[in-house]
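Written out below as structure tokens is the structure these notes cover.
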Amino acid sequence: MLKMQVTSKESISVFDIFKIGVGPSSSHTLGPWRAALRFVDSIKATGMHKVQHVRVLLYGSLAKTGKGHGTDVAVILGLCGEDPVTFDVNLITPRIAQISEEKVMTLGGELSIPFNPAADVAFLMTESLQYHPNALTFLCSFSDGQEIAETYYSIGGGFVVKEGEEGGGGNFVHLPYPIEKSEYLLAACKKTGLSVSGVVMENEKTWRSEAETRNGVLNIWHVMRSCIYRGCHIGGELPGGLKVTRRAEALNKKLIGDNTYSNYDEWLAIIANSKQTFKTTLDWVSCFALAVNEENASFSRVVTAPTNGAAGVVPAVLQYFIAFCDGNDEDKIINFLLTASEIGSIFKKGATLSAAMGGCQAEIGVSSSMAAAALTEAMGGSVEQCLMAAEIAMEHHLGLTCDPVGGLVQVPCIERNTMGAIKAITASQLALQSNPQNARITLDDVVNTMYETALDMNHKYKETAEGGLAIQVPLGLSEC
């Protein structure tokens, strides 16, 4: 199968890298959901009132792990016209159950049509399309005999490309500092004297005012921290049939002790003011990351960072910075996320954010790299040290496979977020204590290596559930 070529000259905003959505997967849930919304817009242009039947075909990785990732659920909700940013996640299960029982869908929220999820969402396990492993085709027939078909590719991180479109799902505008590689970022910083986050903010002004960007980034953080807090206070078993027990709640209880609180701020104050050892700090970072990805696995609201499967790394490291490194400041939080987003953008342009294309190095590896650079700037590191931290973090994720057991974003995905967060902190510390002038490998070197590794990696280890841990664990799944 041919592979998608690396896309260049995209103008990617912080809000392209960080997207608010629903778990468990950015490429298998959020991307297909967005594709369905785009298809509904096409139907409206043709004539919504004439629609008789809609069918969805899932190919490649979307077919092989789509059940575990909720791809069918996502496309159905998208066809119903629901917004993944605002849709009440508590209504997902009852809405899908109702459609399955009544075999009727309200297309685009306007027109009731016959729709049987079991028959009208087809998982084509043995078929793949050339452009990208994550492909889906929407078929629609009209009362006047007309038929249309549109194919979309979910290329990672919630980015979606329609067949025939140019580019890789990003925007195309003229930025004052176009960044295709880390060497361009370094040059822009040297030319202007700005930090990484400063250059990113200048670029963001192309789309909106600085005040709007600041408010938007703070909203991203509020969703992240709500996810952390929520995940630290919900126990029980994750859905999907693997019978995985949530661990963040129990770990939080153990670490918080007899202290009482009623909201995030009070909880944060207890954590920040408690006596910390190396061990307890590690436990807290793991707790933060576990919390996010247990929420992600539960079809809850998360922020793609840069993917849902890796959504816990950046929030966990930022929460660490806030709780233990005097980072509870709006400016510091905004700059952290701006810096992180630029590193994610460089990986998207030079390699991939899709585990179906590059394995888990494209998810956990990229998120760890993002968090490492952001923490390094936040801790006073130079631009060169930020890029060095990003390089170190990815260098030690190269070749990481994506082998989800049962096609679910649970084992080993949830624990990998804790590892990615710890590696990011370690990479940052190494960079802060090093002279980048002595580094033998650049961030661009490791981006290129990551992409070449992705091309060489066996398809079994690219989110197909056909290799690695996915075939070692005996399954008795009831819902996969």
Per-region count, segment 410-438, residues small (Gly, Ala, Ser), within 19 Å of PHE288 (Cα to Cα) and surrounded by fewer than 23 Cβ atoms within 10 Å (Cβ to Cβ): 0
Could you tell me whether ILE96 is without any contact (Cβ under 8 Å) to a residue 24 or more places away in the chain, part of a helix (DSSP H, G or I) and either in the same structural domain as LEU238 (by TED's automatic domain parsing) or hydrophobic (A, V, I, L, M, F, W, C) (or both)? yes
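Search segment 439-456 for residues being over 17 Å from LEU185 (Cα atoms), surrounded by fewer than 17 Cβ atoms within 10 Å (Cβ to Cβ) and not acidic (Asp, Glu), and hand back the single one that is farthest from the chain's Cα centre (by Cα). So that I can check it myself, show each step before the final result.
Of the residues in segment 439-456, the ones over 17 Å from LEU185 (Cα atoms) are 439-440, 449-456.
Adding the requirement that they be surrounded by fewer than 17 Cβ atoms within 10 Å (Cβ to Cβ) leaves 440, 452, 455-456.
Those left that are additionally not acidic (Asp, Glu): 440, 455.
On the way: ARG440: 30, LEU455: 21 Å.
Ranking the qualifying residues of segment 439-456, first place goes to ARG440.
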Just to be sure before I move on: is SER61 of a type in the set (Gly, Ala, Ser), modelled with pLDDT under 95 and within 30 Å of TYR184 (Cα to Cα) in the structure I sent? no
Which helices (runs of 4 or more DSSP H) does segment 364-480 wholly contain that include 3 or more residues that are assigned by TED's automatic domain parsing to the domain that holds LYS332 and more than 24 Å from PRO24 (Cβ to Cβ)? 364-378, 383-395, 413-432, 443-456
crowded, with 18+ Cβ neighbours inside 10 Å, in contact with a Leu (Cβ under 8 Å, 6 or more places away or on another chain) and not in a helix (DSSP H, G or I): which single residue out of ILE220, ILE179 fits that description? ILE179
Please tell me if ALA340 is touching a residue at least 60 places away in the same chain (Cβ under 8 Å), surrounded by 23 or more Cβ atoms within 10 Å (Cβ to Cβ), out of contact with any strand residue (DSSP E or B) (no Cβ under 8 Å at 6 or more places or on another chain) and assigned to a loop (DSSP other than H, G, I, E, B). no
Could you identify the single residue in SER195, SER182, SER154 that is of a type in the set (Gly, Ala, Ser), within 22 Å of the chain's Cα centre (by Cα) and within 18 Å of THR339 (Cβ to Cβ)? SER182
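If only one of VAL160, VAL217 is more than 30 Å from ALA45 (Cα to Cα), touching a helix residue (DSSP H, G or I) at 6+ places or on another chain (Cβ under 6 Å) and aliphatic (A, V, I, L, M), which one is it? Even if it seems obvious, please write down each step before you answer.
Numbers: VAL160 fails: more than 30 Å from ALA45 (Cα to Cα).
One residue alone meets the criteria, VAL217.
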Just to be sure I understand, how many residues within segment 243-258 are closer than 30 Å to GLY406 by Cα and touching a helix residue (DSSP H, G or I) at 6+ places or on another chain (Cβ under 9 Å)? 7
Only residues in segment 266-282 that are not assigned by TED's automatic domain parsing to the domain that holds ARG225 count as the first member; pair them with residues that are surrounded by 10 or more Cβ atoms within 10 Å (Cβ to Cβ) and part of a helix (DSSP H, G or I), Cβ under 8 angstrom, at least 6 apart or cross-chain, and list the lot. none
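Out of ALA323, ALA311, report the one residue that is part of a loop (DSSP other than H, G, I, E, B) and crowded, with 19+ Cβ neighbours inside 10 Å. Break it down into steps so the answer makes sense when it comes.
On the way: ALA323 fails: part of a loop (DSSP other than H, G, I, E, B).
The match here is ALA311.
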Could you run through segment 44-69 and say how many residues are assigned to a helix (DSSP H, G or I) and surrounded by 23 or more Cβ atoms within 10 Å (Cβ to Cβ)? 8
Select from segment 40-58 the residues that are touching a Gly at 6+ places or on another chain (Cβ under 8 Å) and at pLDDT 95 or above and write down the one among them that is nearest to ILE414 (Cα to Cα). LEU58
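The values are calculated or read from the model by the stated rules, or taken from the named source; none is laboratory data. No experiment lies behind these values; they were computed from the predicted model shown. Reconstructed Cβ throughout: ideal geometry from the backbone, glycine too, with neighbour counts over all protein chains shown.
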